[in-house]
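The next block holds one structure in the form of structure tokens; read it before the comments.
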Amino acid sequence: MADFDGKVVAISGAARGQGRSHAVRFAKEGARLVLFDICGQMSEVPYAMATKNDLDETVRLVQEAGAEVVSGVADARTYDEVAAVMQSGIDAFGSPDVVVANAGIWSEAGALWEMTPKDFRAVVDVDLIGAWHTFRAALPTMVDAGKGGSIIATISAAGLKPLQNIGNYVAAKHGLVGLVKTAALELAPHGIRANCVSPGNTNTPIFRNDAMKRLFVPDQDEPSDDVFLSRAAGMVPLGVPYMEPGDITEAVLWLASDHARYVTGTNISVDGGSAIS
């Protein structure tokens, strides 16, 4: 893998899960980090979200790996909050070289005609508009710096195919694919690449929770872990119930690296084949 020594990497949703995995790996590769997360609970989200303690632990881990870091609490839905943390990173380290829009949520599942407008909007606001906020806060400085770079968005199989009962998530992730492809065209003259990484079910709190169990096993009131994971594995061609965060990090690191210097406007699926099933 290319050396990220001295590179500036900004990551949203960095308090835990995939975001933490990405941050720690970039730290080990010598990057300087700009990290943020909402660090609070949204009423529309049916599982426990990350806390300030989670973000503090990510900061501790990246510092333990030897990285310099700027971090802050910011709600991806609120551009001014995102821009404030990004600017703090720019003031400390200079323009970002890599931006990973990783923050994402899902709401309680249901058919489109049963979803509340509040639930639908919450997912679109975080997963689509929040990603745009993250890119928007960094890109002017990246373009002005004239040194190229890489922006990466976390999507999912839901960005590549329809899935029932999570129509708001599907809509947000499909929109994010279009946003990234447009960014790839607009940023190409500036040497900035734009790509997506598409995780399958991943062993993080956004997947390992009771609400997700009910989505996968709707015919049981309190499904066991064994039944839940068996159902999850049955939907994946490679027969695995979930990926590990580090599996996704490998793809993110490659997309950010010089090994992918001519890769733009595309997606890497790390999902055991979910997107083709």
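Identify all residues within the range 188-213 that are assigned to a helix (DSSP H, G or I) and surrounded by fewer than 18 Cβ atoms within 10 Å (Cβ to Cβ); write none if there are none.
Ala188, Pro189, His190, Asp210, Ala211
Looking at the range 68-106 only, could you name the residues that are touching a strand residue (DSSP E or B) at 6+ places or on another chain (Cβ under 6 Å), farther than 13 Å from Arg32 by Cα and surrounded by fewer than 24 Cβ atoms within 10 Å (Cβ to Cβ)?
Once the filter is applied, which keeps residues that are touching a strand residue (DSSP E or B) at 6+ places or on another chain (Cβ under 6 Å), farther than 13 Å from Arg32 by Cα and surrounded by fewer than 24 Cβ atoms within 10 Å (Cβ to Cβ), the range 68-106 yields Gly72, Val85.
Tally the residues that are closer than 14 Å to Arg208 by Cβ and either among the aliphatic types (A, V, I, L, M) or part of a loop (DSSP other than H, G, I, E, B) (or both), restricting the search to the range 234-246.
The qualifying residues number 4.
Quick one: would you say Asp125 is acidic (Asp, Glu) and buried (at least 19 other Cβ atoms within 10 Å of the Cβ)?
So Asp125 passes the test.
Name every residue in the range 75-88 that is touching a residue at least 60 places away in the same chain (Cβ under 8 Å) and under 21 Å from Gln41 (Cβ atoms), in order of residue number.
Ala76, Val82
Output the residue which, of all residues in the range 225-274 that are of a type in the set (Ser, Thr, Tyr) and surrounded by 17 or more Cβ atoms within 10 Å (Cβ to Cβ), is nearest to Leu179 (Cα to Cα).
The selected residue is Thr264.
Which count do you get for residues in the range 156-187 that are of a type in the set (Ser, Thr, Tyr), over 14 Å from the mean Cα position of the chain (by Cα) and not in a helix (DSSP H, G or I)?
Qualifying residue count, the range 156-187: 0.
Suppose the filter is in contact (Cβ under 8 Å) with a residue 60 or more places away in the chain and basic (Lys, Arg); does Arg208 pass it?
No: the conditions fail for Arg208.
Out of Ala171, Ala188, Ala184, which single residue is in contact (Cβ under 8 Å) with a residue 40 or more places away in the chain, of a type outside the set (S, T, N, Q) and farther than 25 Å from Leu253 by Cα?
Result: Ala171 is the single residue among Ala171, Ala188, Ala184 that is in contact (Cβ under 8 Å) with a residue 40 or more places away in the chain, of a type outside the set (S, T, N, Q) and farther than 25 Å from Leu253 by Cα.
Could you count how many residues in the range 106-154 are within 24 Å of Glu44 (Cβ to Cβ) and either among the hydroxyl-bearing types (Ser, Thr, Tyr) or assigned to a helix (DSSP H, G or I) (or both)?
Matching residues across the range 106-154 total 24.
May I ask you to list the residues in the range 25-67 that are buried (at least 18 other Cβ atoms within 10 Å of the Cβ), among the β-branched types (Val, Ile, Thr) and within 28 Å of Val123 (Cα to Cα)?
Val34, Ile38, Val45, Thr58, Val59
May I ask you to list the residues in the range 247-272 that are assigned to a loop (DSSP other than H, G, I, E, B), of a type outside the set (A, V, I, L, M, F, W, C) and out of contact with any Gly (no Cβ under 6 Å at 6 or more places or on another chain)?
Selection gives Ser257, Arg261, Tyr262, Thr264, Gly265, Thr266.
The numbers here are math on the coordinates, done by the rules we state, and not lab data. This structure is a prediction, so every number in the text was calculated from the model and none was measured. Heads up, the Cβs are rebuilt from the backbone with ideal geometry, glycines too, and the neighbour counts pull from every protein chain shown.
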